[in-house]
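Please read the structure below before turning to the comments.
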Amino acid sequence: MAKYIFVTGGVTSSLGKGIIAASLAKLLQARGLKVTIQKFDPYINIDPGTMNPYEHGECYVTEDGAETDLDLGHYERFLNIYTSQSNNVTTGRIYQTVINKEREGAYLGKTVQVVPHITDEIKRRMLHLGQTGEYDIVITEIGGTVGDIESLPFVEAVRQLQWELPEEDTVVVHLTLIPYLKAAKELKTKPTQHSVKMLSQEGVHPDIIVCRTERQITPDLRRKIALFCNVKMEAVIEAMDASTIYEVPLLMMREKLDIICLKKLDIQPTNEPELTKWKGFLDKLKYPKSKVTIGLIGKYIELQDAYKSILESFIHAGAMNECQVQVINVHSESITDDNVTEKLSGLDGLLVAPGFGLRGVEGKIIAVKYAREKGLPFFGICLGMQMAVIEFARNVLGLKNAHSTEMDPETKEPVIDLMEEQKTVTNKGGTMRLGAYPCTIKENSLAQAIYGSTSISERHRHRWEFNNKYLEAFEKAGMMASGKNPATDLVEIVELNNHPFFIGVQYHPELKSTVENPQPIFVHFIKAARTFADKRNEAKNSMLQGEMI
Ligand code: GLN
């Protein structure tokens with residue numbers, strides 16, 4: 001049977017509970033334990049799939065097609081394992097299950113209440129992954145902040161589990177903030193004391209307190225936190241701001257977070273965690289030998305979380321290439337025919353991001369044209385691939401009215417069209433083409449060179465697709481469908497024959513990039529960007545030399 005670690009948060013949101021949970025999981029995994037992480041979110045949406053990225057950041061998609069919180073992306077990137085629908089549960093999903101059961105008459109005439117019915121359903125789901133026999137430890141991150149009305153049933157479920165399970169089967173880790181007051185030149189513990197008090201009032205006493213802080217916590221301060229929050233001194237963990245999230249496992253190892261958890265769980269720690277690969281990655285990340293500048297063309301760029309997995313994939317691929325990847329955000333709405341050169345001429349590569357709806361698409365199309373004509377490495381993801389198709393149709397095939405029926409339902413040239421099975425869909429939630437599908441790659445294509453294989457599987461989240469009625473014309477003119485779904489013929493990858501690196505994919509490769517397995521398209525894209533940068537520098541140098549002569 002598995003043991004359970006619960007991670008709660010206090011004082012404020014955005015303290016990085018997901019990163020702390022993932023780092024702890026990484027350390028335990030590196031000690032040879034089988035670990036998974038799940039996130040319980042207190043909002044009423046069934047899942048974040050219907051939320052605007054401005055609202056909730058990126059919607060992460062798992063192999064089994066669940067639309068989930070972006071923290072699951074961190075879990076997969078850190079642990080190099082797959083998560084699933086079971087790893088992300090919301091209040092909405094809990095209530096939906098309970099209400100459906102009530103309609104079936106499963107409660108046998110009882111009054112259905114938050115306690116015990118909602119809390120029982122929360123507990124059932126909290127225990128579920130631990131009962132599959134696949135894991136030694138299940139870490140559960142509780143979203144939101146302790147004290148919120150909506151997180152109460154979750155904290156109550158943790159309280160009950162602490163009481164029901166053997167003492168050595170649960171640990172509660174509470175993450176708080178120790179703010180530094182500039183005027184007083186002091187770190188302040190009061191908010192932490194209050195948040196632990198609030199958690200205790202709800203019946204849960206934390207075993208470990210992880211303190212986010214900008215400055216080091218002195219031994220005196222540790223003693224104070226330990227005394228007032230009623231935990232052992234060693235259970236007060238300092239979590240200093242780190243230069244990269246990938247350093248946090250090492251910071252937590254120094255603070256012995258894993259050892260303290262294992263002690264409480266009565267698990268004998270093995271030798272040191274095996275982190276050779278992880279440290280190798282960090283070294284490459286910290287000491288790059290070259291640098292490239294990539295333009296990220298999107299419409300949600302004000303909020304970095306909207307493109308989380310893409311940005312993390314660049315970090316993995318950059319380290320693999322020992323190359324620093326500077327990402328410049330370019331708002332797709334700001335690109336016009338007149339300013340495109342000024343905006344994009346300093347770049348070594350262009351990534352056109354996924355997205356939905358009309359806003360900003362013309363800017364994306366102009367950016368694709370620039371990359372195609374200038375030989376600038378291009379990588380289009382989902383909507384980015386669809387824009388590359390539209391650009392090619394308009395400017396190479398001469399189909400001036402080419403568009404996607406998503407943006408222009410009446411277009412005369414629907415080169416991107418709604419998938420057949422989507423035409424009858426009316427509900428918005430969970431109804432896109434979601435999750436992993438196989439893709440067969442053409443021999444001798446760029447895609448085959450990238451993947452080193454002709455048979456791959458990637459994750460999806462879309463409703464529209466390449467319209468195969470146009471495929472022959474596209475391939476004759478030089479845009480090839482190098483990857484297709486073997487069962488449906490749906491075009492998954494397009495690429496250009498006469499371009500150094502031009503690839504568009506209908507799927508989301510960024511969802512499968514991890515520290516240990518950087519995603520191959522990202523790796524090759526950065527390599528191509530480096531070649532492009534080198535050539536540009538050579539040209540610049542010879543021009544300068546020419547001037548000197
Ligand atoms: N809006 C497009 C579609 O649904 C692209 C989706 C995406 O970029 N994730 O097909």
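So here's what we get for this one:
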| item | result |
| --- | --- |
| Top-ranked residue in segment 1-52 [being polar (S, T, N, Q) and outside any loop (DSSP other than H, G, I, E, B); ranked as nearest to Arg125 (Cα to Cα)] | Gln38 |
| Cross-chain or 6+ apart pairs with Cβ under 7 Å, segment 129-143 first and more than 10 Å from Met1 (Cβ to Cβ), then surrounded by 21 or more Cβ atoms within 10 Å (Cβ to Cβ) and acidic (Asp, Glu) | Glu141/Asp71; Gly143/Asp41 |
| Residues that are assigned to a strand (DSSP E or B), within 16 Å of the ligand (Cβ to nearest atom) and small (Gly, Ala, Ser), drawn from segment 430-478 | Gly435, Ala436 |
| Filtered residues of segment 479-490 (kept if away from the ligand (no atom under 16 Å from the Cβ), in contact with a Lys or Arg (Cβ under 8 Å, 6 or more places away or on another chain) and not small (Gly, Ala, Ser)) | Met480 |
| Filtered residues of segment 405-428 (kept if surrounded by fewer than 13 Cβ atoms within 10 Å (Cβ to Cβ) and in a loop (DSSP other than H, G, I, E, B)) | Pro409, Glu410, Lys412, Lys423, Thr424, Val425, Thr426, Asn427, Lys428 |
| Sole residue being out of contact with any helix residue (DSSP H, G or I) (no Cβ under 8 Å at 6 or more places or on another chain), within 16 Å of the ligand (Cβ to nearest atom) and either more than 21 Å from Asn468 (Cα to Cα) or modelled with pLDDT of 95 or more (or both), chosen from Gly346, Gly357 | Gly357 |
| Boolean, Val210 is touching a Ser or Thr at 6+ places or on another chain (Cβ under 8 Å), at pLDDT 95 or above and in a loop (DSSP other than H, G, I, E, B) | no |
| Selected residue (only one of Tyr82, Tyr75, Tyr54 is buried (at least 23 other Cβ atoms within 10 Å of the Cβ) and closer than 30 Å to Asn427 by Cβ) | Tyr75 |
| Qualifying residue in segment 521-533 (condition: surrounded by fewer than 22 Cβ atoms within 10 Å (Cβ to Cβ), farther than 23 Å from Ala402 by Cα, more than 16 Å from the ligand (Cβ to nearest atom) and within 18 Å of the chain's Cα centre (by Cα)) | yes |
| Unmet criterion (only one of (1) within 16 Å of the ligand (Cβ to nearest atom); (2) modelled with pLDDT of 95 or more; (3) aliphatic (A, V, I, L, M); (4) farther than 30 Å from Asp534 by Cα) for Val352 | (4) |
| Filter pass, Ile310 being modelled with pLDDT of 95 or more, among the β-branched types (Val, Ile, Thr) and either more than 16 Å from the ligand (Cβ to nearest atom) or closer than 30 Å to Glu410 by Cβ (or both) | no |
| Those residues of segment 405-445 which are over 23 Å from Ser457 (Cα atoms), among the charged types (D, E, K, R), touching a helix residue (DSSP H, G or I) at 6+ places or on another chain (Cβ under 7 Å) and modelled with pLDDT of 95 or more, in sequence order | Glu413 |
| Some residue of segment 479-488 being outside any helix (DSSP H, G or I) and charged (D, E, K, R) | yes |
| Single unsatisfied condition, Gln326 versus (1) modelled with pLDDT of 95 or more; (2) of a type outside the set (Gly, Ala, Ser); (3) within 16 Å of the ligand (Cβ to nearest atom) | (3) |
| Residue ID - farthest from Tyr470 (Cα to Cα), chosen from residues in segment 372-392 that are more than 16 Å from the ligand (Cβ to nearest atom), in contact with a Phe, Trp or Tyr (Cβ under 9 Å, 6 or more places away or on another chain) and part of a helix (DSSP H, G or I) | Arg372 |
| Residue list for segment 505-516, filter: more than 10 Å from Ser313 (Cα to Cα) and part of a loop (DSSP other than H, G, I, E, B) | Gln506, Tyr507, His508, Glu516 |
| Unique residue being surrounded by fewer than 21 Cβ atoms within 10 Å (Cβ to Cβ) and closer than 24 Å to Ala22 by Cβ when the list is Ala235, Ala242 | Ala242 |
| Condition check for Arg159: within 20 Å of Val89 (Cα to Cα), over 29 Å from the mean Cα position of the chain (by Cα) and not hydroxyl-bearing (Ser, Thr, Tyr) | yes |
| Residue match in segment 402-416 (condition: within 24 Å of the chain's Cα centre (by Cα), within 14 Å of the ligand (Cβ to nearest atom) and not polar (S, T, N, Q)) | no |
| Lone unmet requirement of (1) within 16 Å of the ligand (Cβ to nearest atom); (2) closer than 23 Å to Ala402 by Cβ for Glu495 | (1) |
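The values are calculated or read from the model by the stated rules, or taken from the named source; none is laboratory data. Remember, predicted model here, so these are calculated numbers, not experimental data. As a convention, Cβ positions derive from the backbone with ideal geometry for all residues, glycine included, and neighbour counts pool all protein chains shown.
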